[in-house]
Amino acid sequence: MEQRLLFPGCLILARFQQYELAAKAVLAKLGIEAVDMQAVACCASSIVPPFSVDWVNLPAYNLSLAERQGFDIVTLCGSCTRTLRLTQEMLARDAGLKETVNRSLAAVGLAYQGTAKVSHLIEVISSKMEEVGKSFRQKLDMRVSLSHPCNVMRPSQVMKFDDPWEPKKLREIVHATGARVVDYDQEYECCGATLLMVSEDWAIRAALAKLKSATLAGAEAMVVSCGNCFLVLKSMQDKVRKIEPGISLPVIFLPQIIGLSFGIDKKALGLEQ
Amino acid sequence: MDCTKCSICRSRCLVERLGGASITSVLNEAAEKGAWNCSNCWKCIDACPQEFDIYNAIIEKRRLEEAPRAYREAFAGICRNGYIFPIEELNTIREMWGLNKIELVGPEVIRKLIKEC
Ligand code: SF4
Ligand code: SF4
């Protein structure tokens, strides 16, 4: 069985265990064992760079852990994916920086080479569509809307995956579950989760725009594949309802909807505890 | 290449649409501050016809502006134990979900990697 290290990122690690659980269950059906990453740290995201000129050490640390184990990485969150890929690009381009980073990593017994590939769950699943077809058991009779994780496609010079303005891959995967994907005006807009760090009002209004537009288009659920999207679109729905009381849209993680179409037990997908 | 102040990035920015001022306003001299006002969507970068390095412009500008409280707390969290979100009870919660326990990184490693910690 192919093995990959699962890089959950601290938001999913801390709050959305159901996403990790479902991702592992679905990847296993696709022939991939998602191995836990020991001693993994925060990816650095866009949090650390303004505070530290050494920020690259943190993602390089995570990447070198994977290299030591000889595995490629599968990520669940957009920001982690972008930060890890940006780091790889910076270190491939700048030999001096790589040398400096390796001096820091030596202090914790590690070394960075640049050999571990980093792919988000959408990328991994979309490269296994034949296996998805083989595991398919039941057509899902529901209408869903999609929330595309910005950082999996953008910046496109770094991510080099899918269409940066109107991504298609998530749609292809969800199509394979038999669920009907409904288009909505705000589909390609950002969920706004990171704005929670500066203005809850902005974040809630960004989430409201998406939830309302999807609801009006007839969606019965929203499919997400990033912890941040789930955070603002689902966990903050109570606050959204303070502005627009009628909004109530279930939000489901990508591997949960795929898992349902594979006939995987709801409990194993974290849909029931 | 240099920024030509064409405002294209600004027209794609979520913060601007919500009525705020982001780095895209700063670049276009419509505001002095705003680098922290950002949803990390990177539409500005993909939209820029000059391929101007907006990412580093954001980081450099953030280093000059006062960080919002949530960012300062997030950075403090990373320094404290390696993660932004509270993670102390992690392995108990993982067990409840039937997930294996995992080893956490700890502050010693972080302090060796990020000297500002
Ligand atoms: S990355 Fe930030 S500044 Fe750029 S368009 Fe998105 S919200 Fe605006
Ligand atoms: S950063 Fe690019 S898109 Fe934005 S104003 Fe400057 S040249 Fe135009």
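The values are calculated or read from the model by the stated rules, or taken from the named source; none is laboratory data. It should be emphasised that the depicted structure is a prediction, and the values quoted were computed from it without experimental measurement. Positions of Cβ are generated from backbone atoms using ideal geometry, with glycine treated the same way; all protein chains shown enter the neighbour counts. Heavy atoms of the whole protein, side chains included, go into the accessibility calculation; ligands, DNA and RNA do not. Shrake-Rupley method; radii C 1.70, N 1.55, O 1.52, S 1.80 Å.
Report the gain in length on full extension from residue A:115 to residue A:272: 0.36 nm times residue separation, minus Cα-Cα distance, nm rounded to one decimal.
Working: separation 157, 0.36 × 157 = 56.52 nm, distance 3.81 nm.
Contour length minus Cα-Cα distance gives 52.7 nm.
Calculate, for segment A:140-257, the solvent-accessible area per residue in square angstrom, rolling a 1.4 angstrom probe over the heavy atoms of the protein chains.
Working: 4310 Å² over 118 residues.
Computed with neighbouring chains in place, this is 37 Å² per residue.
Over segment A:2-121, what per residue volume does the convex hull of the Cα atoms give, in whole Å³? List each step's numbers first, then the result.
Working: hull volume 11.2 nm³, N = 120.
Value for segment A:2-121: 93 Å³ per residue.
Between residue A:35 and residue A:137, what is 0.36 nm times their sequence separation minus the Cα-Cα distance? Round to one decimal in nm. Intermediate results must be reported in sequence, preceding the final value.
Details: separation 102, 0.36 × 102 = 36.72 nm, distance 2.56 nm.
Contour length minus Cα-Cα distance gives 34.2 nm.
So what does the Cα-only Debye profile of segment A:177-236 read at q = 0.22 Å⁻¹, as log10 I(q)/I(0), no solvent term?
Log10 of I(q)/I(0), two decimals: -0.84.
Using +1 on the beta carbon of Lys and Arg, -1 on that of Asp and Glu, and nothing else charged, what's the dipole of chain A about the Cα centre, debye to 20?
On the way: 31 positive and 29 negative charges, 54 e Å.
The dipole of chain A has a size of about 260 debye.
Quick check: at a probe of 1.4 Å, how many percent of the accessible area of segment A:110-160 sits on carbon and sulfur atoms? Display every interim value, and only then the final one.
Working: 1050 of 2290 Å².
Percent of accessible area from carbon and sulfur atoms in segment A:110-160: 46.
In terms of Cα to Cα distance under 13 Å, which aspartates and glutamates are near enough to residue B:112, apart from those fewer than 8 places away along the same chain?
Leaving aside aspartates and glutamates fewer than 8 places away in the same chain, those within reach of residue B:112 are A:54.
For segment B:69-116, report the % of Cα-Cα distances exceeding 16 Å. Walk me through the numbers on the way to the answer.
Numbers: 526 of 1128 pairs.
So the pairs more than 16 Å apart make up 47 percent of the total in segment B:69-116.
Multiply the residue separation of residue B:29 and residue B:102 by 0.36 nm, subtract the distance between their alpha-carbon atoms, and state the gained length in nm to one decimal. Numbers along the way, then the final one.
Working: separation 73, 0.36 × 73 = 26.28 nm, distance 4.82 nm.
This chain segment gains 21.5 nm when fully extended.
Under 5 Å between amide hydrogens, which residues at least 5 positions from residue A:145 or on another chain qualify, with H placed 1.01 Å from N in the peptide plane?
Those lying under 5 Å, H to H, from residue A:145 are A:182, A:220, A:221, A:222, A:223.
Might you tell me the accessible area per residue for segment B:69-116, computed with a 1.4 Å probe and given in Å²?
On the way: 2760 Å² over 48 residues.
Ligands and nucleic acids excluded, the result is 58 Å² per residue.
Measuring from centroid to centroid over Cα atoms, what is the spacing of segment B:15-34 and segment A:223-273 in Å?
Result: 32 Å between the Cα centres.
If segment A:94-158 were replaced by its equivalent ellipsoid, with semi-axes equal to the square roots of 5 times the Cα gyration tensor eigenvalues, what would those be, largest first, whole Å? Mind showing how you got there, number by number?
Details: eigenvalues 302, 51, 22 Å².
So the equivalent ellipsoid measures 39, 16, 11 Å along its semi-axes.
Where a Cα-Cα gap under 24 Å defines reach, which lysines qualify for residue A:239, not counting those fewer than 8 residues away within the same chain?
The qualifying lysines are A:210, A:212.
log10 I(q)/I(0), Debye, Cα-only segment A:136-262, no solvent, q = 0.18, 0.21 Å⁻¹?
Here the Debye-derived log intensity ratios amount to -0.95, -1.22.
Among all the lysines, which ones have a C-alpha under 24 Å from residue A:29's C-alpha, if same-chain residues fewer than 8 places away are not counted?
A:117, A:128, A:134, A:139, A:168, A:169, A:266, A:267, B:101
Run the quick spin-label model on residue A:200 and residue A:107: label points 7 Å from Cα toward the beta carbon, then report their separation in nm to one decimal.
Each label point lies 7 Å from its Cα, and together they span 3.8 nm.
Given the peptides A:38-47, A:222-231, arrange them by the average over their residues of other C-beta atoms within 10 Å, most packed first. The partial results should precede the final answer.
Values: A:38-47: 23.7, A:222-231: 26.4.
Going by the mean number of other Cβ atoms within 10 Å, highest first, we get A:222-231, A:38-47.
Report D for segment B:8-64 in µm² per second (integer): Stokes-Einstein, Kirkwood Rh on Cα pairs, 4 °C, 1.567 mPa s.
Details: Rh = 10.9 Å.
Stokes-Einstein gives a translational diffusion coefficient of 118 µm²/s.
Per residue of B:31-44, what is the mean number of Cβ atoms on other protein chains within 10 angstrom of that residue's Cβ? List each step's numbers first, then the result.
Working: counts 0, 0, 0, 1, 1, 5, 5, 5, 16, 16, 12, 14, 8, 2.
Per-residue shielding by partner chains comes out at 6.
Hey, quick one: spin label on residue A:168, modelled 7 Å out along Cα-Cβ, who in segment A:99-140 has an amide N within reach, i.e. under 12 Å?
Nothing falls inside the zone, counting backbone N under 12 Å.
Hey, what angle do you get for helix A:78-93 against the long axis of chain A, alpha-carbon based, 0 to 90 degrees rounded to 10?
The helix A:78-93 is inclined about 30 degrees to chain A.
Rounded to a whole number, what is D in µm²/s for the protein assembly as shown from Stokes-Einstein with the Kirkwood radius over alpha-carbon pairs (4 °C, 1.567 mPa s)? Intermediate values should be presented prior to the final figure.
Details: Rh = 21.3 Å.
Rounded to a whole number, D works out at 61 µm²/s.
Total Å² of accessible surface buried at the A-B contact, 1.4 Å probe, nearest 100? Each step should come with its number before you reach the end.
On the way: alone 12590 and 8820 Å², together 16040 Å².
So the buried area, both faces added, is about 5400 Å².
Tell me the mean residue ellipticity at 222 nm calculated for chain A from its helices only (DSSP H runs of n ≥ 4, each -39500 (n - 2.57), averaged over every residue, nearest 500). Walk me through the numbers before you get to the answer.
Values: 14 runs with 124 residues, N = 273.
Calculated from helices alone, the mean residue ellipticity at 222 nm is -12500 deg cm²/dmol.
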